[in-house]
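Chemist: Quick one: the structure is below, and I'll ask about it shortly.
What follows is calculated from the coordinates using simple rules that are stated; it is not laboratory data. None of these values were measured; they are calculated from a predicted model. Here the Cβ is made from the backbone with ideal geometry for all residues, glycine too, and neighbour counts use every protein chain on show.
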Amino acid sequence: MITKTLQLEPRNWVASHADYLYAYAIARINDEEQAKDLVQETFLAALQKVDKFEGKSSERTWLTAILKYKIIDVYRKKSSGLIVNADVQRAEQEQSDFFEPEYGHWTKENAPMSFGIDDHDPLINKEFNSILQKCMQKLPALWLSIFTMKHMDDQSTDIICSELKVTQANFWVIIHRTKLNLRACLQKNWI
Amino acid sequence: MGTLKKIQNNCHKATFLIEKKLIGKITLREKIELKIHLFGCGICRTYQKQTVKISQMVRQLFSDSANSEKQLDDTFKKDMQHRIEDELDKN
């Protein structure tokens, strides 16, 4: 017990890791109040587990893993329940006329066209980021959760599916639908 | 309608395969189907270019926000510090 606690220094956690964990959380849930709460909960949960720390990873990695678990919990809560069905339905509705029903060809009105994205260097385009963020916020919670886990943490498909309780087949349908809506939203709102 | 025609016209399936290929794996058969489709479909070629770029931008956006300078305010930190110390002193 004594040697183990020597490796963790809870009295320095706030000074050493609070800002890091906060930035980590906010990047993934985009809600300052909730991010704050998660950091606090992470520290409190970590205190309860101090004697389970094996010293195999750094203190920061260990705390981040606890936070990560809490973030997935938030995703899970956001993407279950009644409101969810409505927001998925709305998003599916948006793309219902993208393709001809019979053979699946793009409809004339919704066919992708060249827009600013093709010739701008996106990596330096600040304005683009705000449009991108707005379009992402319009996605249903479940879609955004899956999309974030995949693109931010390169989480494996198996893990995402088991954490968020979706089938593999459904996972790919969601990835596809997410991209269709996101791309259309960008084309529509590009200045 | 023959199989080939079906492949050539099915942009819904082609875009699905584009997405699946981008972050996962598609079968050899699917690869060939996609190739045939893209060969004849300029719209999906545009789609493919754009969706690849969107993925890059999303990843960039995420890594920017992860490296952001966003910081917690001092009052909140002080409160947290107290709570941690209270917990520690309980034991």
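Chemist: Applying 1/(1 + (r/R0)^6) with R0 = 22 Å to the Cβ-Cβ distance of A:MET113 and B:PHE62, what FRET efficiency is obtained, to the nearest 0.05?
Modeler: About 0.25, to the nearest 0.05.
Chemist: What is the spin-label model distance, in nm, from A:TYR69 to A:ASN170 if the labels are put 7 Å beyond Cα along the C-beta direction?
Modeler: Modelled inter-label distance: 2.4 nm.
Chemist: Sticking with this structure for a sec: Let me check against my output: what whole-number percent is the relative contact order of chain A, with C-alpha pairs under 8 Å and at least 6 apart?
Modeler: Result for chain A is 21 percent.
Chemist: Calculate how steeply helix A:82-94 sits against the longest principal axis of the alpha-carbon atoms of chain A, using the helix alpha-carbon long axis, and give the answer as 0 to 90 degrees to the nearest 10.
Modeler: 40
Chemist: Once amide H atoms are built 1.01 Å from N in the peptide plane, which residues 5 or more positions from A:PHE99, or in another chain, come under 5 Å H to H?
Modeler: Residues meeting the amide H criterion: A:THR107.
Chemist: Alpha carbon centre of the stretch A:161-191 versus the stretch A:1-75: separation in Å?
Modeler: 30
Chemist: Okay, moving on. Once both axes come from the Cα atoms, what is the angle between helix A:168-189 and the longest principal axis of chain A, in degrees from 0 to 90, rounded to 10?
Modeler: Rounded to the nearest ten degrees, it is 70.
Chemist: Among the aspartates and glutamates, which have Cα under 16 Å from the Cα of A:LYS126 when same-chain residues fewer than 8 positions away are ignored?
Modeler: Within the straight-line limit of under 16 Å, A:LYS126 reaches these aspartates and glutamates: A:ASP118, B:ASP64.
Chemist: Now for a different question. Pairs of Cα atoms under 8 Å, at least six residues apart: use those to get the relative contact order of chain B, whole percent.
Modeler: Here the relative contact order equals 27 percent.
Chemist: Here is a further query. Taking 7 Å along the Cα-to-C-beta vector as the label spot, tell me the A:GLU100-B:LYS70 distance in nanometres, rounded to one decimal.
Modeler: With each label placed 7 Å out from Cα toward Cβ, I get 4.5 nm.
Chemist: One-quarter of the Cα convex hull surface for chain B, in nm²?
Modeler: 10.8
Chemist: Given a Förster radius of 22 Å and the C-beta distance between A:ALA15 and A:ASP153 as r, what FRET efficiency does 1/(1 + (r/R0)^6) yield to the nearest 0.05?
Modeler: According to the calculation, E is roughly 0.25.
Chemist: Simple spin-label model, 7 Å along Cα-to-Cβ: A:THR61 to B:PHE39 in nm?
Modeler: Between A:THR61 and B:PHE39, the label points sit 4.9 nm apart.
Chemist: Quick check for me: using +1 on Lys/Arg Cβ and -1 on Asp/Glu Cβ, what's the dipole size of chain A about its Cα centre, in debye to the nearest 20?
Modeler: Approximately 500 debye in magnitude.
Chemist: A further question on this structure: Treating the angle as unsigned and between 0 and 90°, give the value, to the nearest 10°, between the Cα long axis of helix B:28-40 and the longest Cα principal axis of chain B.
Modeler: 70
Chemist: Hey, got a sec? Which GluC sites (Glu not before Pro) in the stretch B:1-79 land in a DSSP loop and have at most 13 other Cβ atoms within 10 Å?
Modeler: Taking the stretch B:1-79 and a limit of 13 other Cβ atoms within 10 Å, the loop GluC sites (Glu not before Pro) found are B:GLU69.
Chemist: Name the residue, out of A:MET113, A:MET152, A:MET136, whose mean-square fluctuation peaks in a Gaussian network model built on chain A with Cα pairs under 10 Å.
Modeler: A:MET113
Chemist: Using 25 Å as the Cα-Cα cut-off, could you pick out the over-long pairs in A:LYS134/B:LYS49; A:LYS68/B:LYS21; A:LYS134/B:LYS70; A:LYS150/B:LYS77; A:LYS68/A:LYS165; A:LYS49/A:LYS165?
Modeler: In this structure, A:LYS68/B:LYS21; A:LYS150/B:LYS77; A:LYS49/A:LYS165 lie more than 25 Å apart at Cα.
Chemist: State which stretch of chain A is the longest one without any exposed GluC sites (Glu not before Pro), exposure meaning a DSSP loop state and at most 13 other Cβ atoms within 10 Å.
Modeler: Between the exposed loop sites, the longest stretch runs A:103-191.
Chemist: With unit charges on the beta carbon (Lys/Arg positive, Asp/Glu negative), name the residue among B:GLN81, B:CYS44, A:GLY116 whose Cα is farthest towards the positive pole of the charge dipole of the protein assembly as shown.
Modeler: Result: B:CYS44, furthest along the dipole toward the positive end.
Chemist: Check each of the chymotrypsin sites (Phe, Trp or Tyr not before Pro) in the stretch A:126-191 and keep only those in coil by DSSP with at most 14 other C-beta atoms within 10 angstrom; list them in order.
Modeler: A:TRP190
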